[in-house]
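A.B. asks: This is the structure, below, for whatever I ask next.
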2 protein chains.
Amino acid sequence: MSGKKLYSIGIDFGTESARAILVDVSNGTIAAASVNHYAHGVITNKLPGSDIELGPDWAIQHPQDYINALKRTVPKLINESQISPEQIIGVGIDFTGSTVIPTTSDGTPLALIEEFKDDPHAWPKLWKHHAAQEKANRLTQLAIDRFETFLDRYGGKINAEWFFPKVWEIFDESSTIYNAADRIIEASDWMVWQLTGVETRNLCAAGYKALWSKSEGFPLETFFGAMDPNLSDVIDDKMKREITPLGQQVGELTEKAAKWMKLVPGIPVATGILDGHAAVPAATVAEAGKMAVILGTSFVHMVLSNKEYRVPGMCGMVEDGIIPGLFSYEAGQSGGGDHFSWFMHNAVPGAYEREARRRKIDVFTLLEEKAAALEPAESGLVALDWWNGNRSILVDGDLNGLILGYTLKTKPEEIYRSLLEATIFGTRKIFETFIASGVPINEIIVTGGGPLKNNLLLNILANVTRMEIKIADSEYTSALGSAMYAAVAAGENRGGYATIQDASKKMAHLKSKTYIPNNNDKKTYNRLYSEYTLLHDYFGYGHNNAMKRLKNLRDSILEKKRR
Amino acid sequence: MSGKKLYSIGIDFGTESARAILVDVSNGTIAAASVNHYAHGVITNKLPGSDIELGPDWAIQHPQDYINALKRTVPKLINESQISPEQIIGVGIDFTGSTVIPTTSDGTPLALIEEFKDDPHAWPKLWKHHAAQEKANRLTQLAIDRFETFLDRYGGKINAEWFFPKVWEIFDESSTIYNAADRIIEASDWMVWQLTGVETRNLCAAGYKALWSKSEGFPLETFFGAMDPNLSDVIDDKMKREITPLGQQVGELTEKAAKWMKLVPGIPVATGILDGHAAVPAATVAEAGKMAVILGTSFVHMVLSNKEYRVPGMCGMVEDGIIPGLFSYEAGQSGGGDHFSWFMHNAVPGAYEREARRRKIDVFTLLEEKAAALEPAESGLVALDWWNGNRSILVDGDLNGLILGYTLKTKPEEIYRSLLEATIFGTRKIFETFIASGVPINEIIVTGGGPLKNNLLLNILANVTRMEIKIADSEYTSALGSAMYAAVAAGENRGGYATIQDASKKMAHLKSKTYIPNNNDKKTYNRLYSEYTLLHDYFGYGHNNAMKRLKNLRDSILEKKRR
């Protein structure tokens, strides 16, 4: 290679689009980036090219969109950067999850086979397909009844978005598809299979979404058998028991896949990984005691630790789940930035829109400006950030939002600010639960999407957590993480890295600007947070189940209306 | 008069505007009407023509606006109707209250005197001036400590909106104004004084706002002396002990006042009355067992009874307070239609404004249409209608609003509807408290302002109270009531009436359309109302004092900001 720069490619398959980046392995600099929006996006109404309707909580995707994303992004990276394909030492991919694809034994999605394409269950079920909620409830109850120890690692509840509720849904509602499926596989592993011809099951998705752990493996056959005797062998029938650690080379780019992407065959391909988790080392979080906060539509919190702790209300605790050698904890707020989007679409008066237009700024900027001019507690408002339920620490999707303290003088920017504060109070609740459970957190690093541009939100985060807030430098943290794992899969000999920690030290960076708490605001927020906590506990722990009763009543009214 | 039609004039001084009407005494037909919006409206930020800022809960008015309203409305009535001024047999006025004006001995408001005009306490404090809340709390405590029996007539609490908290506030915060004020007088009596040159104190305002009763008179000097020794003689120093019953002629129109209004001097002028109370006989409510619900910025509920009952959380129970010979009970919701106005000004998205414009309807109509298309409980929202505190039955101005049940799918019309429902739940709470206290209510008649045009609100009222709702026919019930009392003040000899009951029978009418509850909605609303009740009791009875703590915190932050 004689001194030529070396690169790796990271491809991040998100909910609406995929992003591919070409990264300088020596320092993490992004040489080129390309985004492709899936032609079919998130499919919630009808099967593609058909009149077959989907149920109310369905969300599926088109597998061809995934392959098209490869074809449409990667060639642009090479074109744009004018590097030689020989300089690429590895490819890594991350994917949403649990996004579940039933396939034949060679990996062909059943959705692409004429015989099966009219059955909704043949299609990839996206992470946010929520139609298996009832299956998740029954799985949770079953695990409680059987005293299954794995439940402790998942905050005591199995989420409808995970792998087995979706598998059980296929089994229960379409025996044709269940029987035809030689494999049922995570999209992250399916994509690696497409690239390499090698079927693997990555540790990250297995640990966070499929109840697997390094020490205990999968749940027992008797657990699955209790769901249905014919499901006893689901692991051996439809999956694999062998789990592949992160940052390994699982194979090499096949001729076919290389052609899709205009790359050369033989490039090492790394183990797949979930998208949020890939962002962690790319945000410089690769050691114990660090917390990555990923601010997006929802908020995700990843904490690394040397030891195993029991932390209530987590989404998952997985040994080696992100950084081999460390325990990683995932917590989350099912509603984050989507509160702010909701507000923008449903509660900003016309007068504000006109003011923004007149001043040639966007409404977000106007509202941040107005809200930032307020002191904490000046509005007299406090909110519960449960517009989309509560993932951590209450693990209850049936909760919903609340705003208290309205007066006739309440202004839109005050409501907006109360929503920013509420989401951050939710983050503090998670942060404090870690600390109270013994997990040390010495540093908070933030990454994510839109909300990251919100200075006020980051200021509030500093003052509410009373921590200095550092910001990951890259716009593409998930894709960068995938490129970093690719460099680890390539290994030191080929110019990559021995460990993801090494890669993180060289390829991941922080912005120089940080957010530092100030004494005054810290104190005021302590008082507001104690009000948040009182309401959180009162409505969250069932002292008043109004939210659930109202939701049930609403659902029954809507059901009646539909008939 | 030889068969010529006879008329009386009623002038209603509301919160934002005054309305004058010319009424045919024989049948209540309105011959002409004119509205004048006060140039200064409700003043909450700075003293007029100055940079002197008002405190956070202040609400004052400009006395010149009141006189200007006379000048700008009454002459139009005569012009428009082309009647001769001799056909007018009486003038009656009603006013918001307790709206308190410090004046010189000739009735000149101190606010209009150069020397005093820079002192906020010199200005008329509007009923909804809430800065004397702490005084009200201390007065209540004092009355409790002294076992004052009058407290029972006022739901056990003295309201910050009433007369003495405002007087004490002046005394405590501006000795200059207190000392300079020869009189401190209700705006209703001040206006009658302006018209006739005669200073009176009307029974309605004295009974409802100044702790006076027919059987006990005012509280003792020792009560006021316990507030402060220098307040012992407040009644004799600043007021009058003599109280004038309703429907009396207190004097005749002076030359000066006649000139303002282009009337002839000498016309009988009736005792002043509070605006809400004037509406009662004009809504046909002049007998025991009837309840008038006055839907305006705030909601007021008046019930007539032959007997004296103790009803918790009322605003007042006054013998002869509306209809001589009957006990009248007043309850109230300090926030009513102002919730809907708040929503219109602060929470209607630009897209809705554009839709309304495109369809050439107003935004209110658009929202009513969208909200009416929903089923009860379809939104999953429930609200507490305390944007402006709670008058009955909690009697607590420090409470504030709440909305529970937000999701990412919550639409503006759902929030709007939840506000309509919440105000009506507040009405049911009052209705139920009367019934539970033994006061019979056989009929509900609704009157009021803007909210009366809201079909959806009236439908909700029928379904939530499970009563047929009848509607007073006149648009101007308060002004009509004033015109009716004016006809009584004129007396039978001059072509008026002997009693207000007689006037009510002839001059007051109902619309033929009524609102009838339906079984389905009644049931759903029972369930929603029980959620409302749980929240009402939890936040209203101090199980969680979040609203007060947040208000105190807000006030201290604003205080700091001001310095």
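The values are calculated or read from the model by the stated rules, or taken from the named source; none is laboratory data. Since this is a predicted model, take the numbers as computed values, not measurements. Please note: Cβ atoms are built from the backbone with ideal geometry, for glycine as well, and neighbour counts cover all protein chains shown. The accessibility values were calculated without ligands, DNA or RNA, using every heavy atom of the protein model including side chains. Shrake-Rupley method; radii C 1.70, N 1.55, O 1.52, S 1.80 Å.
A.B. asks: Give me a comma-separated list of calculated 3J(HN,Hα) values for region A:35-42, in order, Karplus coefficients 6.51, -1.76, 1.60 applied at θ = phi - 60°, integers in Hz, x for any Gly or Pro.
C.D. replies: Running phi through 6.51 cos²θ - 1.76 cosθ + 1.60 with θ = phi - 60° gives 10, 10, 7, 4, 4, 9, x, 9 Hz.
A.B. asks: May I ask you to give the solvent-accessible area per residue for region A:9-150, in square angstrom, as obtained with a 1.4 angstrom probe?
C.D. replies: Per-residue accessible area for region A:9-150 comes out at 39 Å².
A.B. asks: Just to confirm, what accessible area per residue do you get for region A:418-479 at 1.4 Å probe, in whole Å²?
C.D. replies: Normalised by residue count, the accessible surface of region A:418-479 is 28 Å².
A.B. asks: Taking the label point as lying 7 angstrom from Cα along the Cα-to-Cβ axis, what are the distances from B:Arg354 to the corresponding position in the remaining copies, in ascending order and in nanometres?
C.D. replies: The projected label point of B:Arg354 is separated from its counterparts by 1.4 nm.
A.B. asks: Ok, one more. Any idea how far the Cα center of region B:509-563 sits from the one of region A:260-319, in Å?
C.D. replies: If we compute the Cα centre of each part, the gap is 45 Å.
A.B. asks: Let me ask you something else. Name the residues whose placed amide hydrogens come within less than 5 Å of the amide hydrogen of A:Asp398, ignoring near sequence neighbours (fewer than 5 apart) on the same chain.
C.D. replies: Result for A:Asp398 returns A:Asn390.
A.B. asks: Considering only chain B, pick the residue with its Cβ nearest the axis of the rotation onto chain A, and state the distance in whole Å.
C.D. replies: Closest Cβ to the B-to-A rotation axis, residue and whole-Å distance: B:Gly350, 1.
A.B. asks: Show me, for region B:220-235, the HN-Hα J-couplings you get by feeding each phi into the Karplus relation (A = 6.51, B = -1.76, C = 1.60, θ = phi - 60°), rounded to Hz, glycine and proline as x.
C.D. replies: So the Karplus estimates, Gly and Pro as x, are 5, 4, 5, 5, 5, x, 6, 5, 6, x, 6, 9, 3, 9, 3, 4 Hz.
A.B. asks: Over chain B, what is the relative contact order in whole percent, taking alpha-carbon pairs under 8 Å and six or more residues apart?
C.D. replies: 16
A.B. asks: Between the DSSP loop rule and a limit of at most 12 other Cβ atoms within 10 Å, which trypsin sites (Lys or Arg not before Pro) in region A:313-379 are left?
C.D. replies: A:Arg359, A:Lys360
A.B. asks: Principal axis extents for chain B, Cα atoms only, whole Å, descending order, please.
C.D. replies: Here the spans come out as 64, 58, 50 Å, largest first.
A.B. asks: So, one more: Considering only protein heavy atoms and a 1.4 Å probe, what is the carbon-and-sulfur percentage of the accessible area of the protein assembly as shown?
C.D. replies: After summing per-atom areas, the C and S share lands at 48 percent.
A.B. asks: On to the next question. Mind grabbing the accessible area of A:Ile185 for me, 1.4 Å probe, Å², rounded to tens?
C.D. replies: 0
A.B. asks: Still on this structure, I have one more. How big a patch of accessible area, both sides summed and in Å² to the nearest 100, lies buried between B and A at a 1.4 Å probe?
C.D. replies: Buried surface at the B/A interface: approximately 4700 Å².
A.B. asks: Determine the shielding of peptide B:332-340 by partner chains: average, over its residues, the number of Cβ atoms on other chains within 10 angstrom of each Cβ.
C.D. replies: 1
A.B. asks: Ok, one more. If a paramagnetic tag sat 7 Å from the Cα of B:Ala436 along the Cα-Cβ line, which residues of region B:381-395 would have the backbone N under 14 Å from that point?
C.D. replies: B:392-395
A.B. asks: Give the separation of the Cα centroids, region B:409-475 to region A:371-386, in Å.
C.D. replies: 32
A.B. asks: Okay, next question. Give the percent of DSSP beta bridges with both residues in the protein assembly as shown that are antiparallel, rounded to the nearest 5.
C.D. replies: 70
A.B. asks: So which residues of region B:520-546 lose at least 10 Å² of accessible area, probe 1.4 Å, when you go from the chain by itself to every protein chain present?
C.D. replies: B:Asn520, B:Thr524, B:Arg527, B:Leu528, B:Glu531, B:Leu534, B:Leu535, B:Tyr538, B:Phe539, B:Asn544, B:Ala546
A.B. asks: Right, another one. Which pairs break 26 Å Cα to Cα here: B:Lys157/B:Lys551; A:Lys307/A:Lys513; B:Lys76/B:Lys256?
C.D. replies: A:Lys307/A:Lys513
A.B. asks: Moving to a separate point now. In the structure shown, do any of A:Lys370/A:Lys548; A:Lys71/A:Lys125; A:Lys209/A:Lys453; A:Lys4/A:Lys262 have a Cα-Cα gap over 25 Å, and if so which?
C.D. replies: A:Lys370/A:Lys548; A:Lys209/A:Lys453
A.B. asks: Ok, one more. Please state, rounded to one decimal and in Å, the Kirkwood hydrodynamic radius that region B:449-541 gives when every pair of distinct Cα atoms enters the mean of 1/r.
C.D. replies: Taking every pair of different Cα atoms in region B:449-541, averaging 1/r and inverting gives 16.1 Å.
A.B. asks: Estimate the FRET efficiency between B:Leu142 and A:Arg310 by the formula 1/(1 + (r/R0)^6), using the beta-carbon distance for r and 56 Å for R0, to the nearest 0.05.
C.D. replies: Result of the calculation: an efficiency of 0.50.
A.B. asks: Okay, moving on. Between A:His345 and A:Lys259, what length in nm is gained on full extension when 0.36 nm per residue of separation is reduced by their alpha carbon distance?
C.D. replies: 26.6 nm
A.B. asks: Let me ask you something else. Quick one: if the Förster radius is 56 Å, what FRET efficiency do A:Asp172 and B:Asp182 give, using the C-beta to C-beta distance and rounding to 0.05?
C.D. replies: E(calc), rounded to 0.05, equals 0.05.
A.B. asks: Amide H neighbours of A:Glu443 under 5 Å, counting only residues 5+ apart in sequence or on other chains, H built in-plane at 1.01 Å?
C.D. replies: A:Met291
A.B. asks: Work out the P(r) tail for the protein assembly as shown: percent of alpha carbon pairs separated by more than 57 Å, whole number.
C.D. replies: Above the 57 Å cut-off, the protein assembly as shown has 29 percent of its Cα pairs.
A.B. asks: Between A:Ala498 and A:Thr29, what is 0.36 nm times their sequence separation minus the Cα-Cα distance? Round to one decimal in nm.
C.D. replies: Fully extending the segment from A:Ala498 to A:Thr29 adds 166.9 nm.
A.B. asks: Relative contact order of region A:396-505, please, whole-number percent, based on alpha carbon pairs below 8 angstrom and at least 6 residues apart.
C.D. replies: 18
A.B. asks: Run the simple label-point estimate for A:Lys5 and A:Val42 please: 7 Å along Cα→C-beta, distance reported in nm.
C.D. replies: Each label point is offset 7 Å from its Cα along the Cβ direction, giving 3.6 nm.
A.B. asks: Per-residue accessible area for B:Glu355 at 1.4 Å probe radius, Å² rounded to 10?
C.D. replies: Near enough 40 Å² of accessible area.
A.B. asks: Would you tell me the accessible area of B:Thr271, worked out with a 1.4 angstrom probe on the heavy atoms of the protein chains, in Å² to the nearest 10?
C.D. replies: 0
A.B. asks: For region A:430-444, take each phi angle, set θ = phi - 60°, evaluate the Karplus expression 6.51 cos²θ - 1.76 cosθ + 1.60, and give the result in whole Hz per residue in order, putting x for glycine and proline.
C.D. replies: 5, 3, 5, 5, 4, 4, 5, 8, x, 7, x, 10, 9, 8, 10
A.B. asks: Hey, what's region A:219-282 come to in accessible area per residue, 1.4 Å probe, Å²?
C.D. replies: Ligands and nucleic acids excluded, the result is 39 Å² per residue.
A.B. asks: Further, regarding this structure: List the distances, in nm and shortest first, from the label point of B:Asn27 to the matching label points in every other copy, placing each point 7 Å from Cα along the Cα-to-Cβ direction.
C.D. replies: For B:Asn27, the other copies' label points sit at 9.4 nm, shortest first.
A.B. asks: If I model a spin label as a point 7 Å beyond the Cα along the Cα-Cβ vector, how far apart are those points for A:Lys505 and A:Ser17 in nm?
C.D. replies: The two pseudo-label positions are separated by 3.6 nm.
A.B. asks: Distances from B:His40 to the same position in the other copies: list them in nm, one decimal, shortest first, using label points 7 Å from Cα along Cα→Cβ.
C.D. replies: Its label point is 6.9 nm from the equivalent points in the other copies.
A.B. asks: Skipping prolines and chain starts, which residues have an amide H placed within reach, meaning under 5 Å, of the one on B:Thr29, given they are 5 or more residues away or on another chain?
C.D. replies: Placed amide hydrogens put B:Asp24 under 5 Å from B:Thr29.
A.B. asks: Taking every pair of Cα atoms in region A:78-203, average 1/r, invert it to obtain the Kirkwood radius, and report Rg/Rh to two decimals.
C.D. replies: 1.08
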